[in-house]
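A.B. asks: Could you have a look at this structure, given as structure tokens, before my questions?
The values are calculated or read from the model by the stated rules, or taken from the named source; none is laboratory data. Given the structure is predicted, the values throughout are model-derived calculations rather than measurements. When we count neighbours, we look across all protein chains shown, and the Cβ atoms used for this are built from the backbone with ideal geometry, even at glycine. Side chains included, ligands, DNA and RNA excluded: accessible areas come from the protein's heavy atoms. Shrake-Rupley method; radii C 1.70, N 1.55, O 1.52, S 1.80 Å.
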Amino acid sequence: MTRADVPHLCAQLLALLDDTGGRGARVVDCDVGALTAPDLAAVDVLARLQLTARRAGCRIRLRHPSGRLRALLALVGLGVEVLGEAEEREPPLGVQEGVEPDDLPP
């Protein structure tokens, strides 16, 4: 992916949402498994796709991101959800939050 791909990919995303009546879709899964050597240009493309999705009322969720892509996303602070992982603000299913007796408010 390069920056030159941005207009085409964003148009494809919007067309997909329009064709499927998905303007009300909450999540768009994006398979990035083919990005074996991602760079900052790929991160830029993903950021612009995420912005396009948010403007359409949904969000991007990545499928099969490599460790390098995850590291780049973390480095630039782009909060993109990864398929199969719990959202940052929610604990994974089956995890109970507990309060220790010593943690009570003063």
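A.B. asks: Which order do Thr2, Thr36 take by accessible area at a 1.4 Å probe, largest first?
C.D. replies: The residues order as Thr36, Thr2, largest area first.
A.B. asks: Roughly speaking, what is the stretch gain from Val82 to Arg55, that is 0.36 nm per residue apart minus the C-alpha to C-alpha distance, in nm to one decimal?
C.D. replies: Full extension of this stretch gives 7.8 nm more.
A.B. asks: Moving on. Using the Cβ atoms and a cut-off under 12 Å, what net charge is assigned to the surroundings of Asp29, where Lys and Arg are +1 and Asp and Glu are -1?
C.D. replies: Residues close to Asp29 contribute a combined charge of +2.
A.B. asks: Using amide H atoms built 1.01 Å from N in the peptide plane, name the residues 5+ places from Ala56, or on other chains, whose amide H lies under 5 Å from its own.
C.D. replies: HN-HN under 5 Å from Ala56: empty list.
A.B. asks: In square angstrom, rounded to the nearest 10, how much accessible surface does Arg54 have for a 1.4 Å probe?
C.D. replies: Only protein atoms counted, so the area is about 140 Å².
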